[in-house]
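Have a look at the structure below, then the notes.
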């Protein structure tokens, strides 16, 4: 009986190991888009395509892998100069982002949801936003985002966007608030477009091209939201010239004494038509090192209470 139990246990362990191996190797890489804002609150990477591989050899494709590769490919001096992470009391956390080491005052979100750790896994098509807090005393920077990540529009077309920010309710549960009176920027330049009480705004692109749509506020510090816009130029349609020519026949009559020639030729002037067409609240949750510490402490207190 004992031998049978040992064999069963060995079989179960073998199956678990095999299953874990298959799961870890199911995807050798995924493609994500990484956005980073620096210590001055400026966008330095905007939805940069990153092929994520298991760069730290932990058996998973994680935020850490994505940010490391994003720095390796885009930061002057690579990841060695611009990025570092380490395992500490509360797991894997950031030590340096975009060349700034500030003791752990960073945030990182996946698909606009706060991440718990750099070890959180990522999937194909994810959007990763990492930022450095500009307020290092109260961490009042508020993570904000548009309801659309990417849009395609025509020059002159109105596009509707909604701007939101992360915060807490009275019970410290994560909630979403609209961002009102925020000024929209296009490629870093302020516009006349401002969000309303519901965080909604209509943006018009006058010319074709590629735009980074973001926003700033005079009443709060926003982590720059991002929407990538591809705008098609207004089309001008020109009709082909239409020419009509009418020619009469030349007739000649011969007589015995003289030759008379009469010719009438009439040509109408060409007409061309050209038409131009055109088609028309509380502070946000702090992720990363300090945020994980708070959650870990809360979990320990809850555990202690449950066991007394």
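Just give me the residues in region 205-225 being surrounded by fewer than 16 Cβ atoms within 10 Å (Cβ to Cβ) and in a loop (DSSP other than H, G, I, E, B), in sequence order.
206, 207, 218, 219
Name the single residue, out of those in region 153-170 being surrounded by fewer than 16 Cβ atoms within 10 Å (Cβ to Cβ) and touching a strand residue (DSSP E or B) at 6+ places or on another chain (Cβ under 6 Å), that is nearest to residue 214 (Cα to Cα).
160
Residue 85 fails exactly one of the following numbered conditions: (1) at pLDDT below 95; (2) touching a helix residue (DSSP H, G or I) at 6+ places or on another chain (Cβ under 7 Å). What is the number of that condition?
The one condition residue 85 does not meet is (1).
Quick test of your reading of the structure: residue 59 fulfils all but one of (1) on the phi < 0 side of the Ramachandran plot; (2) modelled with pLDDT of 95 or more. Name the failing condition by number.
The number of the failed condition is (1).
So for region 171-180 (the condition being surrounded by 21 or more Cβ atoms within 10 Å (Cβ to Cβ) and either part of a strand (DSSP E or B) or under 15 Å from the mean Cα position of the chain (by Cα) (or both)), does at least one residue qualify?
Looking for residues that are surrounded by 21 or more Cβ atoms within 10 Å (Cβ to Cβ) and either part of a strand (DSSP E or B) or under 15 Å from the mean Cα position of the chain (by Cα) (or both), one finds none in region 171-180, hence no.
From (1) assigned to a loop (DSSP other than H, G, I, E, B); (2) surrounded by fewer than 17 Cβ atoms within 10 Å (Cβ to Cβ), pick out the condition that doesn't hold for residue 49.
Only one criterion is unmet by residue 49, namely (1).
Considering only region 118-142, state which residues are touching a strand residue (DSSP E or B) at 6+ places or on another chain (Cβ under 8 Å) and more than 23 Å from residue 91 (Cα to Cα).
Of everything in region 118-142, those that are touching a strand residue (DSSP E or B) at 6+ places or on another chain (Cβ under 8 Å) and more than 23 Å from residue 91 (Cα to Cα) turn out to be 124, 125, 141, 142.
Specify the residue that is nearest to residue 64 (Cα to Cα); the eligible residues are those in region 94-106 that are touching a helix residue (DSSP H, G or I) at 6+ places or on another chain (Cβ under 8 Å) and at pLDDT 95 or above.
Top of the filtered list is 94.
Does residue 202 fit the bill of being more than 13 Å from residue 229 (Cα to Cα), buried (at least 18 other Cβ atoms within 10 Å of the Cβ), in contact with a strand residue (DSSP E or B) (Cβ under 6 Å, 6 or more places away or on another chain) and not assigned by TED's automatic domain parsing to the domain that holds residue 39?
Against the criterion (more than 13 Å from residue 229 (Cα to Cα), buried (at least 18 other Cβ atoms within 10 Å of the Cβ), in contact with a strand residue (DSSP E or B) (Cβ under 6 Å, 6 or more places away or on another chain) and not assigned by TED's automatic domain parsing to the domain that holds residue 39), residue 202 does not qualify.
The values are calculated or read from the model by the stated rules, or taken from the named source; none is laboratory data. Everything numeric here is computed off the predicted structure, so don't read it as measured data. Quick reminder, even Gly has a Cβ in these numbers, built from the backbone with ideal geometry, and neighbours come from all protein chains shown.
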